[in-house]
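Read through the structure below, which is laid out as structure tokens, and then see the notes.
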Amino acid sequence: MANEIQIQVNGEPRGWREGGTVADLLSDLAVAAERVAVELNLEILDRKDFGQRSLCEGDRVEILGFIGGGCETKGESDGRER
Amino acid sequence: MDANDRLTIAGHEFRSRLWVGTGKYKDFAETKKAIEASGADVVTVAVRRVNITDRSKENLLDYIDPKKYTILPNTAGCYTVEDAVRYARLARAAGISDLVKLEVLGDERTLFPDTAGLIEAAKILIKEGFIVLPYTNDDPIVAKKLVDIGCPAVMPLAAPIGSGLGIRNPYNLKIIMETVKVPIIVDAGVGTASDAALAMEYGADAVLMNTAIAGAQHPIAMAEAMKYAVYAGRLAYKAGRIPRKLYATASSPIEGML
């Protein structure tokens with residue numbers, strides 16, 4: 001059993017297994033990798049590196065995708081305006 | 001619609017001269033129907049955190065097929081050069097193209113663009129290979145500067161975003177259209193079909209709107225109205241309107257009268 005570490009995903013703390021990659025995280029979260037951008041500690045990752053980049057203690061991961069938006073939109077991935 | 005009357009921007013060819021946003025709809029089904037009714041082939045989207053706590057939520061791209069539509073990500077909600085550049089890079093990483101509708105906003109109340117920040121952000125992104133379509137004010141000097149630094153189109157506003165006020169400064173827009181030799185997409189402030197038709201009659205190459213459709217009492221019907229308005233305006237522009245005159249000119253001949 002891998003050691004449990006703490007990371008942050010989209011601003012929320014989350015337990016994670018040491019050695020688990022970005023691709024593993026997306027798969028655990030049921031997020032389709034081809035539709036999102038991932039920022040790891042402010043570095044935007046290349047999609048082809050998702051499987052190689054393992055996450056470490058304290059890492060901050062942001063997972064972003066496209067939502068409904070026109071000129072000015074706030075809010076989170078549900079197509080609603082504020 | 002005339003299949004040969006295409007709009008080309010930096011090698012991307014567009015069928016429709018009406019571009020639409022995808023925000024503010026009741027649900028994705030309505031978004032999809034409205035876009036279909038509008039005939040638009042360019043749709044703007046925003047970049048936001050994916051909801052990871054409730055994965056049952058549907059995704060916009062389940063409804064809008066990126067193979068059928070050009071997905072144009074924007075940097076909406078960004079008030080600094082750094083944020084706008086960051087969101088543009090994220091959009092490119094999440095998407096499939098280098099296109100970005102660049103917004104650097106200056107003020108929450110008016111949502112007017114911070115044009116100094118816009119030019120700065122555009123320079124950075126163009127250097128990185130982005131195709132930058134800047135959302136700008138109806139300022140001919142700024143529009144020219146944006147073109148000079150390499151923007152292949154400019155998107156001046158008609159009025160504040162979501163205001164529905166229509167074209168507030170037709171003369172500035174006309175000057176932009178005369179002085180800037182790239183496609184002009186009038187963006188934001190359209191309220192109803194006649195506003196869109198007017199923008200096209202002035203010589204805009206396309207019109208982008210969101211609230212005017214999504215906020216209408218019947219969004220799908222309004223989407224259709226906008227489709228025809230943009231088309232009619234375009235045809236009228238190409239047909240060449242008659243000059244305005246103060247006095248009447250009879251259209252029936254005098255000859256043959258008793």
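Numbers at a glance
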read-out: In order through the stretch B:59-73: 3J(HN,Hα) via Karplus (6.51 cos²θ - 1.76 cosθ + 1.60), integer Hz, x for Gly, Pro; value: 10, 3, 6, 6, 9, 10, 6, x, 7, 8, 10, 7, 8, 10, x
read-out: Percentage relative contact order, the stretch B:1-66, counting C-alpha pairs under 8 Å, at least six apart; value: 30
read-out: Antiparallel DSSP beta bridges within the stretch B:1-124, as percent of all bridges there, nearest 5; value: 35
read-out: Protein-protein interface of the stretch B:13-31, residues with accessible area decrease of at least 10 Å², isolated chain reference, 1.4 Å probe; value: B:T22, B:G23, B:K24, B:Y25, B:F28
read-out: Sequence-distant residues sharing a close amide H with B:L208 (under 5 Å, placed H); value: B:W19, B:V186, B:D187, B:A188
read-out: Value of Rg to Rh for the stretch A:18-60 (Rh from inverse mean 1/r over Cα pairs, i.e. Kirkwood); value: 0.92
read-out: 3J(HN,Hα) from dihedral phi, the stretch A:30-39, Karplus parametrisation 6.51/-1.76/1.60, rounded to Hz, x for glycine, proline; value: 6, 9, 6, 4, 6, 10, 10, 10, 10, 10
read-out: In nm, spacing of pseudo-spin labels at B:A10 and B:E108 (7 Å Cα→C-beta vector); value: 3.1
read-out: Computed E for B:K123/B:E255 - FRET, C-beta separation, R0 56 angstrom, nearest 0.05; value: 0.30
read-out: Cα-based Rg of the stretch B:138-231 normalised by 2.2 N^0.38 Å, two decimals; value: 1.05
read-out: Rule-of-thumb Rg ratio for the protein assembly as shown [Cα; 2.2 N^0.38 Å; N residues]; value: 1.12
read-out: For the stretch B:7-113, with +1 on Lys and Arg beta carbons and -1 on Asp and Glu, the positive-most of B:W19, B:I64, B:A40 along the dipole; value: B:I64
read-out: Charge dipole magnitude, Cβ of K and R +1, D and E -1 - the protein assembly as shown, Cα centre, debye nearest 20; value: 1000
read-out: Neighbouring partner chain Cβ atoms per residue of B:154-162, average, 10 Å criterion; value: 1
read-out: For B:S16, residues with placed amide H under 5 Å, excluding near neighbours; value: B:D41
read-out: For the pair A and B, total buried accessible area rounded to nearest 100 Å², probe 1.4 Å; value: 3500
read-out: Probe 1.4 Å, accessible area per residue of the stretch B:118-208, Å²; value: 36
read-out: Convex hull (Cα only) mean projected area of the stretch B:1-60, reported in nm² to one decimal; value: 5.5
read-out: Selected from B:A229, B:A94, B:A221 as most flexible by GNM, with chain B as the system and alpha-carbon contacts under 10 Å; value: B:A94
read-out: Gained length - B:R241 relative to B:K68, 0.36 nm times residue gap less alpha-carbon distance; value: 58.8 nm
read-out: Equivalent ellipsoid, the stretch B:177-258 (semi-axes from 5 times Cα gyration tensor eigenvalues, Å); value: 33, 18, 10
read-out: Rounded percent of accessible protein surface that carbon and sulfur make up, the protein assembly as shown, 1.4 Å probe; value: 50
read-out: Stretch gain in nm, segment B:I141-B:A29, where the contour uses 0.36 nm per residue and the Cα spacing is subtracted; value: 36.2 nm
read-out: Nonlocal amide H pairs with B:T44, under 5 Å, H built at 1.01 Å; value: B:V20, B:G21, B:T22, B:L72
read-out: Dipole of the protein assembly as shown [Lys/Arg +1, Asp/Glu -1 at C-beta], most positive-end residue of B:P219, B:A122, A:G19; value: B:P219
read-out: Chain B, relative contact order in percent, only Cα pairs under 8 angstrom and at least six apart counted; value: 18
read-out: Per-residue mean of C-beta atoms belonging to partner chains within 10 Å, peptide B:57-70; value: 3
read-out: The stretch B:1-153: C-alpha gyration tensor shape, a/c 1.5 cut-off, then a/b vs b/c; value: oblate
read-out: Vicinal HN-Hα couplings computed from phi for the stretch B:41-52 (Karplus, 6.51 cos²θ - 1.76 cosθ + 1.60; Hz; Gly/Pro x); value: 10, 10, 10, 8, 9, 10, 10, 9, 4, 6, 6, 9
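The values are calculated or read from the model by the stated rules, or taken from the named source; none is laboratory data. No experiment lies behind these values; they were computed from the predicted model shown. Using ideal geometry, Cβ is built from the backbone for each residue, glycine included, and neighbour counts are taken over all protein chains shown. Note: areas computed on protein heavy atoms with side chains; ligands, DNA, RNA excluded. Shrake-Rupley method; radii C 1.70, N 1.55, O 1.52, S 1.80 Å.
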